[in-house]
1. Out of E428, E368, I need the residue that is among the acidic types (D, E) and touching an Asp or Glu at 6+ places or on another chain (Cβ under 6 Å). Which one?
2. Go through the residues of the range 643-651 one by one and say whether even a single one is open to solvent by 40 Å² or more (accessible area, probe 1.4 Å), within 16 Å of ligand 3 (Cβ to nearest atom), assigned by TED's automatic domain parsing to the domain that holds A470 and not basic (K, R).
3. Hey, E602 hits all of (1) more than 13 Å from ligand 1 (Cβ to nearest atom); (2) exposed (fewer than 15 other Cβ atoms within 10 Å of the Cβ); (3) at pLDDT below 95 but one; which does it fall short on?
4. Could you please tell me which pairs satisfy a Cβ distance under 8 Å, a separation of 6+ or placement on different chains, a first residue in the range 155-178 that is without any contact (Cβ under 8 Å) to a residue 12 or more places away in the chain, and a second residue that is small (G, A, S)?
5. In this structure, does V326 turn out to be within 30 Å of G247 (Cβ to Cβ), open to solvent by less than 50 Å² (accessible area, probe 1.4 Å) and away from ligand 1 (no atom under 16 Å from the Cβ)?
6. Only one of (1) open to solvent by 60 Å² or more (accessible area, probe 1.4 Å); (2) within 13 Å of ligand 1 (Cβ to nearest atom); (3) aliphatic (A, V, I, L, M) fails for L460. Which number is that?
7. Considering (1) more than 30 Å from R381 (Cβ to Cβ); (2) within 15 Å of ligand 1 (Cβ to nearest atom); (3) in a loop (DSSP other than H, G, I, E, B); (4) not β-branched (V, I, T), say which one L640 fails and leave the rest.
8. Any idea which of S121, S127 is assigned by TED's automatic domain parsing to the domain that holds Q70, within 26 Å of F76 (Cβ to Cβ), open to solvent by less than 30 Å² (accessible area, probe 1.4 Å) and touching an Asp or Glu at 6+ places or on another chain (Cβ under 7 Å)?
Amino acid sequence: MSDSTTAHPRLLQPLNLGFTTLRNRVMMGSMHTGLEDRFYNYSKLAAYFRERAKGGVGLIVTGGISPNRQGWLLPFGGTLNSIFDVHNHRKVTEAVHAEGGKILMQILHSGRYGYQPFVVSASAVKSPISMFKPRALTERGIQSTIRAYVRCAKLAQKAGYDGVEIMGSEGYLLNQFLCTRTNQRTDAYGGSIENRMRLPVEIVRQVRAAVGPNFILMYRHSVLDLVEGGNSWPEVVQVAQALEAAGVTLFNTGIGWHEARTPTIVTSVPRAAFASVAARLKQSVKVPVIASNRINMPDEAEALIASGSVDMVSMARPFLADADWVNKVAAGRVDEINTCIGCNQACLDHTFANQRASCLVNPRAGHETELVYRKAQHKKRIAVVGAGPAGLSAATVAAECGHDVTLFDSSDRVGGQFNIAMQVPGKEEFAQTLRYFARRLAITGVRLQLGQRVTRAQLLAQGYDDVVLATGIVPRTPRIPGVDRTNVVSYLDVLQRKVVPGPRVAIIGAGGIGFDVGEFLLHDPAVALPLSIEHWCHEWGVDLQAQADGGLVPAEPAKPYRQLFLLQRKTTRVGAGLGKTSGWVHRAVLQRNGVQMLSGVEYIRIDDAGLHVTVNGEPRVLAVDHVVLCAGQESLTELLPPADAPSAAGAPRFHTIGGAALASELDAKRAIREGAVLAASL
Ligand code: FAD
Ligand code: NAP
Ligand code: SF4
């Protein structure tokens, strides 16, 4: 894989671990897909990993597999505790090895994060993210947990894995033992750090003894807990050195417990924000160290390896977005990478909703055997109208399947609303999706006709076999007296910078776009975007030096740039409908900036005094300079043939996708998936 002509030579260099060599420095980190929880899904899981191994990645780690029932994340979650489970896992290891890859199985005991009644922990301290209070493990229970880890690792070896990753970070069981936040024991496993680390060190020691020297034993170590009662840096180092002595082959690093109120992976976290912490760990141990979190493109990854800061990089979600990430880097085709935009919408949000993980920008992820882009038997002439996410996806997949495709858009650029979305602070990565699709259009040979507002007559006259309408939406204008005043503007006017609102603004509508407009209006235009790592750490109170326990320090956020009101008619909590794993970040930003979020609002009128409303029946006048409308959207269906129109012989078949098909609950995940699924079926 190493190629001195590539722009990323260090990243592609093999890593010699003594008894085995990894083909490059890129690891696909562990992600729960949901497929590992059911024995009948292991063939799908094998196909998913096979594609990633074929894509050239140096090392793969599976989603978390529990060593026993108490460690389940969810009821009946993936477990490896009996010889009968080995057969399924073999499907995975054989698929990866057939493509020249290497794979570790992650052993994950969720401790008090388990969403099931058998949960255990160091102490009986309930977590804020599970309704189940854990039972404190007895000393006998601890010994049986160690045996479960050993049994699990031996079974993984039998199943053909190249090693195991022991999950010791993100606030799971071993992390719970390590920190006083959750470990209040007074026996040999609590109190001093020597006692608190006894369980993880004993597990590593006994696993190493059981599996022998030629089996990779990676430990995912929490280098920054980002919670009160987390470990100090000297403790982090002391634990790492003890684990190393006990038999660890290499360290992966973990940032932040799941209950931390500091974002660690969403798109607004600067790229490679935490790599310096992994680099500090490398200075204290002799075995290789892996950096993780928000590394998604090769330049940052190469710089980390080339500078000697770390030995490998771990990327998890970027391999959902693009299985061929490494091969593309090796071939110098970086501009073809389908970049993970850190949205969490189809991966983590699915996992938390107990659905199969996939990817917003790559709907095939997790569905490799079900969504297949086969060569079409009959080449068709296809028109796609609208080059937003839905149209881009449909056009490129249809062309990949061998059809003759023309893509129209009335705008002078592709991307539709994604061009607006990427103006929002923290959503800069969305531009990568448009770069990817622009390249894909060229590669697949789609004919692109920009600056053309297509009419139905035009479509009928051109002799297309199929017409895909992906014309998106128009913003809704609510019927409020005074809505036609000049100081009432649409989110499009604001985000396209056609209007610069005054210092006091009311936002009507608190959906995803209302929150985005809020963040846009709070941002001081003098501060460059994306935020630097240093600036971001000040905003969130993160100490990358970890001088304070857990790496938390008081935040020093910038002063709010405007006074904002964010309004909705529903009486539910404002922002309740936002993404499960990212919505809290948006709410926290607005709260910190003093935004008044009001629910149960009725809009009465807008006049010189401002916006007149009632809030839960109480009249109020919001004295604002501007009102910004973010009141949802309606489908743009002007090109649809009337339902009762007779279909003439030879007329094209019409299909609608994305916002044009249904504006409510529309997001780019649905738009891109609908485009791909339709195109694959044409
Ligand atoms: P659109 O993106 O609206 O594209 C439709 C295209 O059709 C446009 O380019 C238009 O010019 C073209 N068109 C219309 N009529 C014609 C015609 N007659 N002839 C030629 N061309 C025509 N979604 C998420 O999933 N996550 C997010 O975080 C997110 N954030 C967002 C933030 C903002 C500020 C905005 C505005 C949207 C955001 N979205 C987000 C929503 C997402 O962008 C949309 O769901 C998605 O763009 C819908 O895709 P689409 O292809 O159906 O329509
Ligand atoms: P949305 O989420 O449906 O929100 C629309 C808002 O407008 C709601 O708060 C709604 O609340 C209000 N509203 C609806 N009709 C109204 C009316 N007649 N008068 C006044 N208010 C009205 O839609 P959106 O914010 O426009 O976002 C569009 C899509 O983009 C969404 O589906 C979203 O998933 C996606 N998006 C996602 C993200 C993300 O971070 N994941 C970010 C941005 C956008 P009430 O009815 O209670 O008033
Ligand atoms: Fe990345 Fe979003 Fe895809 Fe998840 S859904 S892998 S965060 S692009």
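The values are calculated or read from the model by the stated rules, or taken from the named source; none is laboratory data. Small disclaimer: the values here were computed from a predicted structure and weren't measured. Cβ placement follows ideal geometry from the backbone for every residue including glycine, while neighbour counts extend to all protein chains displayed. SASA here: full protein model, heavy atoms, side chains in, ligands and nucleic acids out. Shrake-Rupley method; radii C 1.70, N 1.55, O 1.52, S 1.80 Å.
1. E368
2. From the range 643-651, those open to solvent by 40 Å² or more (accessible area, probe 1.4 Å) are 643-651; that's our starting set.
From what's left, within 16 Å of ligand 3 (Cβ to nearest atom): none.
Within the range 643-651, none of the residues are open to solvent by 40 Å² or more (accessible area, probe 1.4 Å), within 16 Å of ligand 3 (Cβ to nearest atom), assigned by TED's automatic domain parsing to the domain that holds A470 and not basic (K, R).
3. E602 satisfies all of (1) more than 13 Å from ligand 1 (Cβ to nearest atom); (2) exposed (fewer than 15 other Cβ atoms within 10 Å of the Cβ); (3) at pLDDT below 95 except (3).
4. none
5. yes
6. (2) is the only condition that L460 fails.
7. Unmet for L640, out of (1) more than 30 Å from R381 (Cβ to Cβ); (2) within 15 Å of ligand 1 (Cβ to nearest atom); (3) in a loop (DSSP other than H, G, I, E, B); (4) not β-branched (V, I, T): (1).
8. On the way: S121 fails: touching an Asp or Glu at 6+ places or on another chain (Cβ under 7 Å).
Result: S127 is the single residue among S121, S127 that is assigned by TED's automatic domain parsing to the domain that holds Q70, within 26 Å of F76 (Cβ to Cβ), open to solvent by less than 30 Å² (accessible area, probe 1.4 Å) and touching an Asp or Glu at 6+ places or on another chain (Cβ under 7 Å).
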